[in-house]
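Visitor: First the structure, then my questions, so here it is.
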Amino acid sequence: MRDVVGWHLDEHGELTSSRAGDLAGVALEERLPPTDPVAYHGRQSVITAWPSSSRSTVVCGSLRRLRVAVELDFTAGIGPFSGEPVELHWLQGRVRHRWRPDFIARTRRGSRCAVVVPPERRAGPQWQERMAALHEVAKAAGWTVRLWPVPRGVRLANLMWLADYRFPAPGERDREDAVLAAFRQPRPLDEGVAACGVPRLVALDLAYRLLWQQRLRFDWTRPLLADAPVWA
């Protein structure tokens with residue numbers, strides 16, 4: 001067994017540490033990283049942030065992490081989440097380790113989940129050691145652990161497009177209802193927008209917001225073009 005300690009910020013923004021079992025009650029999904037973020041797996045990388053739909057700023061240590069953050073933000077079962085909010089420290093033999101899981105999320109059911117982006121290449125001994133330590137912490141803290149592959153291709157393109165519409169538009173309830181009614185049956189996006197009785201640009205904007213909210217659906221294996229079938 002590893003004696004793993006998690007360094008994190010407390011509710012006052014002060015750096016502190018907790019034993020694995022004591023992390024159970026820590027709202028890490030609301031915290032910033034304990035120190036300045038580091039590049040993904042120690043490599044030269046892009047440090048950026050994702051302004052999530054819950055209005056929180058999610059630190060991402062790479063573009064790969066940023067793409068996963070977009071998908072986490074879109075996923076209905078995931079609530080608030082943060083990037084690198086805890087740094088795990090442990091001793092294995094004579095080797096001192098430290099590592100940050102990519103994200104800690106609060107699920108809609110109220111549990112916590114450590115989300116880890118798998119390596120691009122084959123996982124080596126260092127990766128296996130990190131995952132073993134994380135699973136020990138998760139067991140003690142009552143977390144789950146989930147490997148989250150980076151979205152790619154058409155799915156990534158659709159996510160990035162719809163993410164621009166992740167923030168709700170206030171005072172649009174009646175118009176939203178009109179757009180939803182136009183898609184009671186599957187029909188091309190452009191056709192439904194034209195038929196809903198709302199000015200076209202406003203209706204298109206609302207349709208994209210409803211697609212992000214998953215109140216409208218479409219086939220994610222296809223690009224979201226004007227002729228893509230959409231339904232409520």
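Visitor: Whole-Hz Karplus ³J(HN,Hα) for the stretch 181-192, in order, using 6.51 cos²θ - 1.76 cosθ + 1.60 and θ = phi - 60°, x for Gly and Pro?
Guide: 5, 5, 10, 4, 10, x, 7, x, 3, 5, 5, x
Visitor: Kindly list the residues of the stretch 187-208 that lie in the label zone of TRP231, defined by a backbone N under 12 Å from the point 7 Å along the Cα-to-C-beta vector.
Guide: Backbone N within reach: 187-188.
Visitor: How far is helix 63-74 tilted, in degrees, relative to the longest principal axis of the Cα atoms in the chain, given as a value from 0 to 90 rounded to the nearest 10?
Guide: That works out to roughly 60 degrees.
Visitor: Excluding the sites themselves, what is the longest stretch of the chain that contains no GluC sites (Glu not before Pro) in a DSSP loop with at most 10 other C-beta atoms within 10 Å? Please report the intermediate quantities before stating the final value.
Guide: Values: sites that count: GLU11, GLU14, GLU120.
The reported range is 121-232.
Visitor: Same structure again: Quick one: what are the phi-derived ³J(HN,Hα) couplings along the stretch 91-102, Karplus 6.51/-1.76/1.60 with θ = phi - 60°, whole Hz, x for glycine and proline?
Guide: Per-residue couplings from phi come out as 10, 10, x, 9, 9, 8, 10, 8, 6, 10, x, 4 Hz.
Visitor: Given H placed on each backbone N at 1.01 Å, which residues far from ALA49 in sequence or on other chains put an amide H within less than 5 Å of it?
Guide: CYS60
Visitor: With a 1.4 Å probe and all protein chains left in place, how much of the accessible area of the chain comes from carbon and sulfur atoms, in whole percent? Display every interim value, and only then the final one.
Guide: Details: 6230 of 12250 Å².
Looking at the chain in its full context, I get 51 percent from C and S.
Visitor: How much length is gained on full extension from GLU11 to ASP174, taking 0.36 nm per residue of separation minus their Cα-Cα distance?
Guide: Values: separation 163, 0.36 × 163 = 58.68 nm, distance 4.01 nm.
Net length gain for the segment: 54.7 nm.
Visitor: Taking amide H atoms as placed 1.01 Å from N in the peptide plane, list the residues 5 or more away in sequence, or in a different chain, whose amide H sits under 5 Å from that of GLY79.
Guide: HN-HN under 5 Å from GLY79: ARG106, THR107, ARG108.
Visitor: Something else now. Do any trypsin sites (Lys or Arg not before Pro) in the stretch 170-201 lie in a DSSP loop with no more than 15 other beta carbon atoms within 10 Å, and if so, which?
Guide: Numbers: sites: ARG173, ARG175, ARG184, ARG200; in loops: ARG184.
Of the trypsin sites (Lys or Arg not before Pro), the ones in loops of the stretch 170-201 whose Cβ has at most 15 other Cβ atoms within 10 Å are ARG184.
Visitor: How large is Rg/Rh for the chain, to two decimals, with Cα atoms and a Kirkwood Rh?
Guide: Numbers: Rg = 20.5 Å, Rh = 19.4 Å.
Radius of gyration over Kirkwood radius for the chain works out to 1.06.
Visitor: Sticking with this structure for a sec: Each residue of the stretch 129-137 in order: what ³J(HN,Hα) in whole Hz does its phi give by Karplus 6.51 cos²θ - 1.76 cosθ + 1.60, θ = phi - 60°, with x for Gly and Pro?
Guide: 5, 4, 5, 4, 5, 5, 5, 5, 5
Visitor: Can you list residues whose amide H is under 5 Å from PHE103's amide H, if they're 5+ apart or on another chain and H is modeled 1.01 Å from N?
Guide: Residues meeting the amide H criterion: GLU84, VAL115.
The values are calculated or read from the model by the stated rules, or taken from the named source; none is laboratory data. Model, not experiment: these values are computed from the prediction. FYI the Cβ positions are ideal-geometry reconstructions off the backbone, even for glycines, and counts take in every protein chain you see. Remember, those area values only see protein heavy atoms, side chains included, never the ligands or the DNA or RNA. Shrake-Rupley method; radii C 1.70, N 1.55, O 1.52, S 1.80 Å.
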